[in-house]
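Reading through the C-alpha cells given below for one structure.
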Amino acid sequence: MMPEKFPLIVDIGRGSTEDGPGVRTTVFFKGCPLSCKWCQNPETLDPQVEIGFYPKDCIGCFDCAIACSEDAILPEANVRIDRSKCARCAQCADICPGKGLRRIGNYYEVEELIEILLRDRVFYETSDGGVTLSGGEPTLWPGYCGELLRGLKANGIHTAVQTCGYFDYSAFEKELLPWIDLVMYDIKIIGPEEHRQHTGRDNKKILENFIRLSKENIELIPRVPLIPGFTTSEENLSGISNFVRAGGIKECSLLHYNPLGLSKWEHIGKAEPELPRCLPQNESEQSPGQP
Amino acid sequence: MPIALDDLSLKSVTLDKLLRLKKLRDVHFKTRPAVCTELPLLMTTYMRRMDNASDSQEVRAAKRLKYVLENKKPLIQDDDLLAGTTTTKTKGMVIYPQFMGQALWPELETLPERSKNPYNITQAEIDDLNFKVFPYWMDGTIQEVCRKDYNNPTCQKIMERLVFFLGTKAHVISHTVPDYEVVIEEGLDSIIKTTTAKESTETDHKKKDFYKAVRTVLEGVIAYAQRLSKKTAAMAQRELDPVRKEELMTISKICERVPEKKPQTFHEALQAIWICHVALHQENNNIAMSLGRLDQMLYRLYSDDIKAGTLTPEKAVELVGCFFLRLVDHVPMSPETGEELFGGSGSNQAITIGGVDQNGKNAVNELTYVLLRATELLKVRDPNVNARYCPDENPPEYLVRLGEVNITTKATPCFHNDVEVIKTLLAQNYTEKDARNYSIVGCVEPVCGGKTFGHTGAIMLNLTSALEMALFQGRHRLTEEEQVGPKTAPPSEMLNFSDFLNAFETQLIFLIDQSVELNNMLGKTHLKVHPLPLLSALTKGTMDKGKDVLEGGATYNASGAAIIGLSEVVDSLCALKELVFDKQETAFAELIKAVENDWQGYERLHQKAIHSENKYGAGSREAADMTKYLLDFLHTEYQSRENYRGGKYTVGYWTMTTHAGWGVLTGAMPSGRRNREVLPSGITPVSRQAPDLMESLGFVANLDAKKIANSHALNLKYTPARDPAHMIPKFASSVEAFMKMGGLQVQFNLIDRATLKDAKAHPEKYPNLLVRVSGYTAYFGDLNKYMQEEIIIRAEYDLDTGKEVW
Amino acid sequence: MDWLLYPWRKTRHYFIKRSLLKSLRDEAAEEFLKILLNFMTFSFLIDRRLRKNIEGFNGLIQFKSKDNEIRVLAEFKNNKLKQKELEPNESLKVTPNATVIFKNAEALMNFLLPRGGQEGKKNRRDILRSLLRNEVILDGNFNYIYRFGYLANHLQLQLAKAFD
Ligand code: SF4
Ligand code: SF4
C-alpha cells in the first residue's frame, strides 16, 4: 500500500499511563499496512481522511445534505453517508452543528505537533514519562516521524514507538532509530500462514525486523495482544515466547483484548469482520497486561 | 528532631487500639444535632438585667461575653481527654441572636421533621427562643441595625434578592485564624499583663476602653477554664474507675493552668487551644474559625514530650483525635431552604499542615504525620485539612503520604502550592516571613495566621448575574421586569463584541460596587453592635494600635470576595463572541431568544454553542485570554476598593455550595448551558467541556496566581483504581506536575460516578461518606440534591487514560 | 377555659377555621389572606396561651400584591392583632416595620403557610425559598416577618391537630 504523502493524525491522547513508562502523550497515526480482523481502531487503518457518523450526536438538521456536492448524504437513522459516492471532502463534517459527522484524520506541521506535545512536558518530567507514537503505524512515515522524534529528543523528551513491525528496516534505521528510547513491538501470530490469513500480510518481515532491532542498543518490549480464537492458542504463545527468547529478550507484555472496539466499524461505514463467538465478556475492564 | 517514625503512615496505630477514639467517633456519627439555647439565653439575660448602656460598646460586649463564659456550663464528654464544649449538647447548633438566629424562628416547631439535616429541640427550648430570646433582638441584629442606620440601602435590598451576591457579614465574620501561637508560647496572662499595663497608661478613652475590654474577656476565658478544672476535679472524686479518675484529675490540673499559663505539655497545648476556641465561638459565629499550622505550633511541645518519654506517636494520635472530635461538637445554624440550597456544611474549621518554615525550608515534621494519621482514621468533616506542599523543598514521601490519605479518606487533605501562595501574599504586601508562615482559612484562603483579619468570605458574587444583566439590559430573568442594574444597550445596538463587553463591565462594576458598599456598611454596623474584644485579643497588631479587629486593629487587613461561575461565564462570553460576532452564525437577538426559551426550538444553535472549541480548560487560546481578562478585571476592580478597616479586597474562586444553589436560579446561557443546571464549582471547568486532564490542569495552573489572592478551589474527581498502590504514584505525579506548572490549589474526590449515584439513591448504604464540596469536606448524605448532583456530574478523570470519564 | 366564657367567639372561630381550610383545599386563594388574618385575630382573642406569643409585640406588617390590587395591614398592638384593608393607592401614616410584596395569591400562600396546605410535607416552602424563587419580595425588618412566620406556622400546626 502506498501511504499518503502527508501523515494524518487520528488523535493526540494526552495523559495516558498505558502507553509506556510514566505519564505519556500518544500520537495516533492514520494508516496501517496490516488489517487484523480484530482491529480495535478501524479508523486508523485507512491513511486517508474518513468521515465518521455518530447517530447519537445527530440532531437531524440535514445541513450536511446541503453541504455535500456529491449527493452522498442519506436520510437514514443509522447511516448518513453513501460511501460509494462520498469523495471524503469533509464539507459535511465541517458544517455539522452537532458533531454527528466528524472528520477523522488531521494534518499537523511537525513544529505545530511538537508545540502541542511539549505542553505536557511538566507531566513527563514529574512522572518519568514522555511521548509515544502509535497508530495505525507510525513507521509508514519515516521522514515525518524522524523529524518529530528528533525535535522531541532535542527537548529532552523520552520517546517511544508502538509498531506492528511491518516496515522497511533501512528507512527505519536511518530516520527513526537514532531518536527512539523505547520500541513496543507487536508480535501477533508466529505461524506465517495464519498471520497472513488474519492480518493480511506475511510475518517474515516482521520477525526479521524484530531480530535486527533486538541487536540495537535500544529498549525493546515485544507485545502480544491476547485475542481469543486468534492468538491465544498454547502453540502460538509458546512459539512467540521461544522466538522472542532466541532474540535475547526476556520480557514480553501481554495486551488484553477490549471487545468494545468492535462497534467502531459502523461509524466509518465498514462491515465488522466476522469473529469467533468465544469472546470473553468481562475482559473489557482489564488494563493491559504487565510484563 | 529528625523524623524518627519507622512508618510514616503509622499503620500500626488503629482505631481498634485507640478504643477511646473509636467510641467518641461513634458518638459523633450517631448523635443527631440539637439546638442549643445556652448562649442566646445567657446573652439575653445579661442584656435585659445587667447591661450598662453608659459603657462603651467595646466594654459592653466584653462584659457580656465574660458573663457568658462565667455562666456557661462547664462540661466534658464521657471518656474525652479534653474538657469544654461549645454548647450543652453533644452536637449543638449554636444560635447567635445578634447575627441571624431569627431566621430559624418560623420553623422552630418543625425542626425535628426536616427531611434533610433535622435537629432536635425541646418545647422548653422553643419557648425560650420564641418568648425570651428572639423578641428581644428584633431590632438589634446587625442586619437590621444596618438597614436602619443606612436608611434601607439599595445594596442591602439587592443582596436580599439573593441571586446577585451575598454579603455574609450580618451572619458571620469569623473566617479567620486566631493567634493560638501566643496561647501556646506565652499563655493568656501575658496578654493580660500587656493590656493591663496599657490600660493604666493610655490616655485616649477609646483605646483605654479597648484594653479594658480585652482584659475583661480574657478573665472570662480563664474563669471558664477554672470552672472546667473544678468540674473535672469533682467528677474525679465521684469516679469509680481508677483509670478514668486519674485522667480526670490530670485534665483538672491542666485546666487549672491553661490557657492562663504557658502550656508545658502537648496535652496542655491542645487543651489551651480548645478552651480558647470554645470561648471564641461564644463571641463569633461558628463558621470557618480556623486553627492555623497545628504541626508547627505544637511541634516543640510534641518533640519535648517524645524526648522526655511522656508521649508516643500513638498517644499523640489519640490526643489529636480527641481534639478533632471536639471540633465537630457544634454545627452552624441554617434555615431549611438555606440548608437545601446552600447547606450541608460542617463548621469548616481549617487546619494547615506541611509546607516550608519562615526561612523557606522544609517544615514537614513527625507531627505532620501524626495529624495525617488522625485524619485518615477519623474521616470526620471537620477539621478541613489543608496540606501545604512545596515542590523540591518538601520530601517526595510527604506527597506520597498525602496521596495515600486522599485515597483512603476519598476526599482530604487538599493541596496548596507554597511557591505560588507565597508569591501571591508577597504581592499583597506581606513580609517574606509572614507570607511563608501562611495558613488556610475556611475553604482555601491563605492568610498569615494570627496577624491577618481577613474576613475572607465577606462577599460571594454570582458572576453569571452580571452576564445575565448585560444580556437583558440590567434586568435578571429571576427578578423579571425589575431594573436592578444600570440600563445598558439592547443587543440590537451592539455592533461588535466590545460593545457587549462594555455592557458586561458596567453591570459587573455595578455589582462589585454594591457588594463592597454593603460589606462596608455591615462592617461598621458590626463594630457598633457587636465589637469583638476576644478575637481582637487573639490577633496580633491590636495591642499596639489599641483597636478592635473590626476597626483595623490587626497587622494585616483585608476582605475577601469569592466569585461563582467563572468557567461558565468564560464559556458563555466565548460562545457569544464566536456565534454572534466572529462567525456570525446568528443574530444577537436570536441568541437571546434561544436562551430565553432554554434552547427549545434552537437545536442547531445549541449544538454549535456546545461544540464550540473555545471552552474553558480545553486548550483554547480564546478561552484562556477571556479567563485572563476576567481575572485581571475582577482583581483590579476589587483591589482598588477599600474596606471599612483600611484593607483591600482580594478575589478568590471557590464556591462552597452556592454554585449548586445559584445554578438552580440561573437560566440558560450562551455557552449552551440549560435552565437550572448547577454551575461548575470553584475554578473548575464545566463538566464534559474539558476532556483532557492534563489540559485542564495546565489551563488552571497557567492562570496568574497573583490575581487570585483569595485563592481558588480546583475540584476534580479521579476514578479510584482497584489497586491503590498502583494509583498513588500517578496521583502524586499529577499533583506535582500541576504545581510545577504554577497551580495554586487543587482538591479531589476519589470516588467514581457510579458509587456517588448509588449513594444518592441509597443513602443508607453509605453512612458518613466523606466528599469534598468546593473548599470544605462534608458528608454526602447531608448535602442537598442539587449539590449531590453537582458532585456526581463534576469532571471525573481516569488517571490511566488521562481522559474525562463519562 | 376561655371558650366557655366566649361561646360566640368560639363558634365564629370554628367557622373561620372551616373557611380557612376550605380556601386551602380549593386554592381559592384570593380570600385566603383575609381569612388567615381573621383566623389569627380570633385565635389570639380566644386562646390565652396563644396570646402569649404576641405579648408586648408591637409591629405593623403590610401585605401587598405586586400589582397593588390587594393591600392588607396587620397590626400587632396591645396583645391583639388587627387587620385593615387598604385601597390600592391609600397612603400610610406610619411606615410598616415590614412589607411583604407577593407575586400572586399562590405565592403568598406558599410563603405564609410553608407546610403547603393539603400538600403537606412534600412541598415544603419557607421564607427563604419564597425569596429565592422571587415569589415574594420583602422590604423592611426581616425579623418581623420571621416572627409572623412563626405565628402562621404555629397556628397551622394547631389547626392540623384540631382537624386530624
Ligand atoms: S449535519 Fe450533522 S446533525 Fe445535521 S443531519 Fe447531518 S449529521 Fe445530523
Ligand atoms: S465527505 Fe464530502 S462527499 Fe462525503 S458525504 Fe461529506 S460532503 Fe459529501
Any chance segment B:669-687 includes a residue that's free of Cβ contacts under 8 Å to residues at least 60 places away in the same chain, under 30 Å from B:His611 (Cβ atoms) and out of contact with any Pro (no Cβ under 6 Å at 6 or more places or on another chain)?
-> yes
Residue check: is A:Cys58 within 15 Å of ligand 1 (Cβ to nearest atom), out of contact with any helix residue (DSSP H, G or I) (no Cβ under 8 Å at 6 or more places or on another chain) and more than 14 Å from chain B (Cβ to nearest Cβ)?
-> no
Mind listing whichever residues of segment A:89-145 are within 15 Å of ligand 2 (Cβ to nearest atom) and buried (at least 24 other Cβ atoms within 10 Å of the Cβ)?
-> A:Cys92, A:Cys96, A:Leu101, A:Gly105
Restricting segment A:58-79 to residues that are within 16 Å of A:Ile268 (Cβ to Cβ) and part of a loop (DSSP other than H, G, I, E, B), the residue that is farthest from ligand 2 (Cβ to nearest atom) = A:Asn78
Somewhere in segment B:220-232, is a residue more than 22 Å from B:Ile287 (Cβ to Cβ) and of a type in the set (Phe, Trp, Tyr)?
-> no
Identify, from the list A:Glu137, A:Glu147, the residue that is touching a Pro at 6+ places or on another chain (Cβ under 9 Å), away from chain B (no Cβ under 13 Å) and over 21 Å from A:Gly15 (Cβ atoms).
-> A:Glu137
Provide a single number: the residues in segment A:90-120 that are part of a loop (DSSP other than H, G, I, E, B), away from ligand 1 (no atom under 14 Å from the Cβ), closer than 25 Å to B:Lys583 by Cβ and not hydroxyl-bearing (Ser, Thr, Tyr).
-> 2
Within segment B:553-596, work out how many residues are surrounded by 23 or more Cβ atoms within 10 Å (Cβ to Cβ), in contact with a helix residue (DSSP H, G or I) (Cβ under 7 Å, 6 or more places away or on another chain), farther than 20 Å from B:Thr168 by Cβ and polar (S, T, N, Q).
-> 1
In this structure, does A:Gly136 turn out to be assigned to a loop (DSSP other than H, G, I, E, B) and away from ligand 1 (no atom under 16 Å from the Cβ)?
-> yes
Go through (1) within 22 Å of A:Asp128 (Cβ to Cβ); (2) buried (at least 24 other Cβ atoms within 10 Å of the Cβ) and name the single condition B:Ala709 misses.
-> (1)
Looking only at segment B:695-754, which residues are under 24 Å from B:Ser9 (Cα atoms), under 22 Å from the mean Cα position of the chain (by Cα), outside any loop (DSSP other than H, G, I, E, B) and not polar (S, T, N, Q)?
-> B:Lys717, B:Val746, B:Phe748
Matching residues in segment B:112-145 - criterion: being more than 11 Å from chain C (Cβ to nearest Cβ) and in a helix (DSSP H, G or I) | B:Pro112, B:Gln123, B:Ala124, B:Glu125, B:Asp128, B:Lys132, B:Val133, B:Ile142
How many residues does segment B:484-496 hold that are assigned to a loop (DSSP other than H, G, I, E, B), free of Cβ contacts under 8 Å to residues at least 60 places away in the same chain and surrounded by fewer than 13 Cβ atoms within 10 Å (Cβ to Cβ)?
-> 2
Is there a residue in segment A:15-26 that is closer than 20 Å to A:Glu109 by Cα, within 14 Å of another protein chain (Cβ to nearest Cβ) and either more than 18 Å from the chain's Cα centre (by Cα) or not aliphatic (A, V, I, L, M) (or both)?
-> yes
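Residue by residue, here is whether (1) assigned to a loop (DSSP other than H, G, I, E, B); (2) more than 14 Å from every other protein chain (Cβ to nearest Cβ); (3) surrounded by fewer than 24 Cβ atoms within 10 Å (Cβ to Cβ) holds:
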{"residue": "B:Pro446", "(1), (2), (3)": "no, yes, no"}
{"residue": "B:Leu461", "(1), (2), (3)": "no, yes, no"}
{"residue": "B:Gln473", "(1), (2), (3)": "yes, yes, yes"}
{"residue": "B:Ser498", "(1), (2), (3)": "no, yes, yes"}
{"residue": "B:Phe510", "(1), (2), (3)": "no, yes, yes"}
Would you please name the residue that is nearest to B:Arg794 (Cα to Cα), looking only at residues in segment B:609-665 that are within 14 Å of chain A (Cβ to nearest Cβ), in contact (Cβ under 8 Å) with a residue 60 or more places away in the chain and part of a helix (DSSP H, G or I)?
-> B:Ile610
Of the conditions (1) within 14 Å of chain A (Cβ to nearest Cβ); (2) in contact (Cβ under 8 Å) with a residue 60 or more places away in the chain; (3) hydrophobic (A, V, I, L, M, F, W, C), the single one that B:Met741 does not satisfy is (2)
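Each row is one residue, and each column tells you yes or no for (1) at pLDDT 75 or above; (2) touching a strand residue (DSSP E or B) at 6+ places or on another chain (Cβ under 6 Å); (3) not in a helix (DSSP H, G or I).
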residue	(1), (2), (3)
C:Glu106	no, no, no
C:Arg115	no, no, yes
C:Glu119	no, no, no
C:Lys122	no, no, no
C:Arg125	no, no, yes
C:Ile137	yes, yes, yes
C:Tyr144	yes, yes, no
C:His154	yes, no, no
Exactly one of A:Glu50, A:Glu76, A:Glu70 is surrounded by 20 or more Cβ atoms within 10 Å (Cβ to Cβ) and more than 10 Å from ligand 1 (Cβ to nearest atom), and that one is A:Glu50
From the list A:Lys85, A:Lys37, pick out the single residue that is more than 16 Å from ligand 1 (Cβ to nearest atom) and away from chain B (no Cβ under 14 Å).
-> A:Lys37
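The values are calculated or read from the model by the stated rules, or taken from the named source; none is laboratory data. Owing to the predicted nature of the structure, the values given are computational and were not obtained by experimental measurement. Methodologically, a virtual Cβ is constructed for each residue, glycine included, from the backbone with ideal geometry; neighbour enumeration extends over all protein chains shown.
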